[in-house]
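Report on the following structure.
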Amino acid sequence: MLTAIINGAIKVVIAVVILLVAFAIIKRLVAALKKFCDKKNLDATINKVLMHVVEWGAKIIVIISLLGYVGIDTAGIAALIASLGLGVGLAVQGSLANFAGGILIILLRPLRIGDFIEAQGISGTVEDISIFYTYITTPDNKSVCIPNGALANGNIVNYSKKDIRRVDFAFSISYAEDFVRAQKAILEVCNAHELVLKDKDVTCRMSAHADSAIVVTTRVWVNSADYWTVNFDILEQVKAKFDAEKIEIPFNQIDVHIDNK
């Protein structure tokens, strides 16, 4: 009896030593794999998920193997895990939906780490994609966690997917103004901007007869990274151009006539 206890204790000690050594080796292997993936410029999203899968998969294999070594019936544990899994699965259907959504996002790749997206009423930069959640940082530096189930089944607007984007403007001029003169002023500003793509035509046309103004729709093409710079620059520069050329920008007003009869 004493011999059996001593042998069991020795096995437990050996198992613990092997566990610590194995985990250290796994950590080094994962770090080496990450370095290799970074060197090969693999996609950051796939790279991160691969690291998690390899690390936890290897650790689970080591733990199960050591449980068998110390004499614990792993078949019984597997059956227990399976039965518990059924009950837990019913209780965490939302988490399972998030898991399935995470798999779809990783496989179909509608978004990647670093993309600027709009989804579930949130706009921001994708910082991390895990199996259950996607983490987004908003422009005002708030961190938002979106469940992958909702993300995978909803609309995703990815502003970083394409290399170039169109910037749309709607300028207003008075009905008394010369449209051709205003159009020329707008085109001069747009064509002079260094970030506006010159191989794409600039659109500048009258688009509406509004209540108090003529609306001039203007569209330019830019590299996606330059979108907001061009948007703000063109708005400011067109206003300055209109002021310099005395082109009236109208505002809503009401004429009141008093009848003294």
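Computed extension gain for LEU19 through LEU195, at 0.36 nm per residue and net of the alpha carbon distance, reaches 57.6 nm.
Summary of packing: across the peptides 233-241, 181-189, 128-136, the per-residue average of other C-beta atoms within 10 Å ranks them, highest first, as 128-136, 181-189, 233-241. What the Cβ-Cβ distance of ASP38 and VAL12 gives, at R0 = 51 Å and to the nearest 0.05, is a FRET efficiency of 0.85. Counted by Cβ distance under 15 Å from ALA182, the other residues give a net charge of 0, where Lys and Arg count +1 and Asp and Glu count -1.
Contact order, relative form, for the range 149-261: 34 percent (alpha carbon pairs under 8 Å, 6 or more residues apart, mean separation divided by residue count). Taking other C-beta atoms within 10 Å as the exposure proxy, PHE171, PHE116 rank PHE116, PHE171 from fewest upward. Taking the average, over residues, of other Cβ atoms within 10 Å as the packing measure, peptides 214-224, 139-149 rank 214-224, 139-149 from highest down.
As a proxy for reagent exposure, ranking PHE169, PHE179 by other Cβ atoms within 10 Å from fewest up yields PHE179, PHE169.
Cross-link partners for LYS162 among the lysines, with Cα-Cα distance under 21 Å and sequence neighbours closer than 8 places in the same chain left out: LYS198, LYS200.
Read the figures in this text as sums done on the coordinates, not as results from a lab. Nothing here was measured: the structure is a model prediction, and the numbers come from that model. Because the Cβ atoms are built from the backbone with ideal geometry, glycine has one as well, and the counts that use them run over all protein chains shown.
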